[in-house]
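Below is one structure; the comments refer to it alone.
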Amino acid sequence: MGHVFGRGAAALPTAVRGEGCYLFDAEGRTWLDGSGGAAVSCLGHSDADVRAAIHAQLDRVAFAHTGFFTSDPAEALADLLVEHAPEGIDRVYLLSGGSEAVEAAIKLARQYALETGQPERHRLIARRQSYHGNTLGALAAGGNAWRREKYAPLLVETHHIAPCFEYRERREDETPEAYGQRAADELEAEILRLGPESVLAFIAEPVVGATAGAVPPVPGYFQRIREICDRYGVLLILDEVMCGMGRTGSLFACEQDGIAPDILTIAKGLGAGYMPIGAMLCTAAIHDAIAQGSGSFQHGHTYHGHPLAAAAGHAVLRALIDRDLVARVGVQGETLEAGLRAQFGQHAHVGDIRGRGLFRAIELVEDRATRRPFDPARKLHARVKAAAMEEGLIIYPAGGTVNGRDGDHVLIAPPFIIEDAQIDELVGKLGRAVERALA
């Protein structure tokens, strides 16, 4: 054991090399990266253009503090993001990851309220079974019960409504559209309960990621959410840290739901694992209220807007656009879904196969007919992860899928460059891992 403070007590293999969709360790073992780590490595592990961009920027300037300078790569990345962003998005605040982006979004919403003469607006509404990051503000916003539990006394006031979780929440007598309206109307009810004048923002993942496993909204849900936010002057923050940057088949996940947020967060796929980077994007109206008011956003980090990270992010975004990789996500996503349905569609212990693009999940259940989850004491998700590693496959399972305690799912989010044969390899190895875990 060395001196690294790891995530857990277990010894881990040492990664020494990456090539395409594969990682290699110091013992010579090979793993197919079926989840991009945590939906990060969208370009695989050896992209020549991104590596060259980092090297070139390092030869120019590695660091210039944003309290004194901007940089060419930061400006170029911001311009390119805004060019392709949802309607109304006009400004980009570059950070070092997803949690930082969400923290910035929440603080920006609060400062906007102050700058526009609405100091009473301070309450944040989010959804249960969500995840928005691990720093205290982002953790408070999230609805991941087990991640919140130890730190509950430290978390700021946040109110949580039901998720849009069709497999678990839609009644048999409801159409998907009717269910979506019912789920969205919980937001209006909560706003009215709290007092509309006190509500600052509503934050949600367009496609729920790690906590519930690639849960997409039903048709019409987010249109109704947007209407409710507009009616009561509540800012809509969309967290696309995991589901954005092409992962679901459009550059920004919310494009598929026909809406645009007031504030949007991205990370993970923006840096593709080559550099730590995230971003908080907002409308011109929000930016201008501060620029023409107090004059500055009272926030910042030493490494935000880092030139090396921005150069990597710009190269990743150029690759997604210029190589038409987002469209490829749609095609390969259908191939992955077909493979998962062939492997697990009739499986006695797979209750749901869901997701969009190359952002998919299977939910494991003890009884398909009743959707009863396995006893959480069994820790089935951890058993699946261990079995997959033995098969040479990296996936991203989690427990607490249903309510923070019960339920298991496996999240699958491979690099966008994955080939058909590698999808077959992924599905086959996952099938064997699930059987070994259930045995």
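Summary of values
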read-out: Relative contact order [Cα under 8 Å, 6+ residues apart], the range 314-411, whole percent; value: 20
read-out: Value of Rg/Rh across the range 1-110 [Cα atoms, Kirkwood radius]; value: 1.03
read-out: Longest site-free stretch - the chain; sites: chymotrypsin sites (Phe, Trp or Tyr not before Pro), DSSP loop, at most 10 other Cβ within 10 Å; value: 69-439
read-out: Value of relative contact order over the range 273-373, rounded to a whole percent, pairs C-alpha under 8 Å and six or more apart; value: 17
read-out: Mean separation of Cα contacts under 8 Å (6+ apart) over length of the chain, as relative contact order %; value: 22
read-out: Set of aspartates and glutamates with alpha-carbon distance to Lys385 below 13 Å, sequence-local pairs under 8 removed; value: Asp33, Asp408, Glu435
read-out: Computed over the range 50-141, Cα set: Rg, Dmax in Å; value: 16.7, 49
read-out: Descending semi-axes in whole angstrom, ellipsoid equivalent of the range 55-107, from the Cα gyration tensor; value: 22, 16, 10
read-out: Geometric extent, Cα atoms of the range 309-439 - Rg, Dmax (angstrom); value: 16.0, 51
read-out: Per residue accessible area of the range 34-181, 1.4 Å probe, in Å²; value: 48
read-out: Selection of GluC sites (Glu not before Pro), the range 114-187, meeting DSSP coil and at most 13 other Cβ within 10 Å; value: Glu120, Glu157, Glu172
read-out: Column: log10 I(q)/I(0), Debye, Cα scatterers of the chain, q = 0.06, 0.07 Å⁻¹; value: -0.24, -0.33
read-out: Estimated 222 nm signal from helices in the chain, with DSSP H stretches of n ≥ 4 weighted -39500 (n - 2.57), rounded to 500; value: -12000 deg cm²/dmol
read-out: Qualifying trypsin sites (Lys or Arg not before Pro) for the range 28-108 [loop in DSSP, other Cβ within 10 Å: at most 14]; value: Arg29
read-out: Rg/Rh (Cα only; Kirkwood hydrodynamic radius) as it applies to the range 258-385; value: 1.12
read-out: Kirkwood-based Rg to Rh ratio, the range 97-172, C-alpha trace; value: 1.04
read-out: Where N is the number of residues in the range 231-270, Cα Rg divided by 2.2 N^0.38 Å; value: 1.19
read-out: Choice from Leu426, Leu32, Leu23 with maximal GNM fluctuation in the chain (Cα, 10 Å cutoff); value: Leu23
read-out: Translational diffusion of the range 203-306, µm² s⁻¹ [Kirkwood Rh, Cα pairs; Stokes-Einstein; 10 °C; 1.306 mPa s]; value: 106
read-out: Carbon + sulfur, % of accessible area of the chain - ligands and nucleic acids excluded, 1.4 Å; value: 51
read-out: Tensor-based shape of the range 397-439 (alpha-carbon gyration tensor, a/c under 1.5 rounded, otherwise prolate or oblate); value: oblate
read-out: Within the range 108-191, trypsin sites (Lys or Arg not before Pro) in DSSP loop having at most 13 other beta-carbon neighbours inside 10 Å; value: Lys150, Arg171
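The values are calculated or read from the model by the stated rules, or taken from the named source; none is laboratory data. Small disclaimer: the values here were computed from a predicted structure and weren't measured. Ideal geometry is used to build each Cβ from the backbone, glycine not excepted, and the neighbour counts take in all protein chains shown. For accessibility, only protein heavy atoms count, side chains too; no ligands or nucleic acids. Shrake-Rupley method; radii C 1.70, N 1.55, O 1.52, S 1.80 Å.
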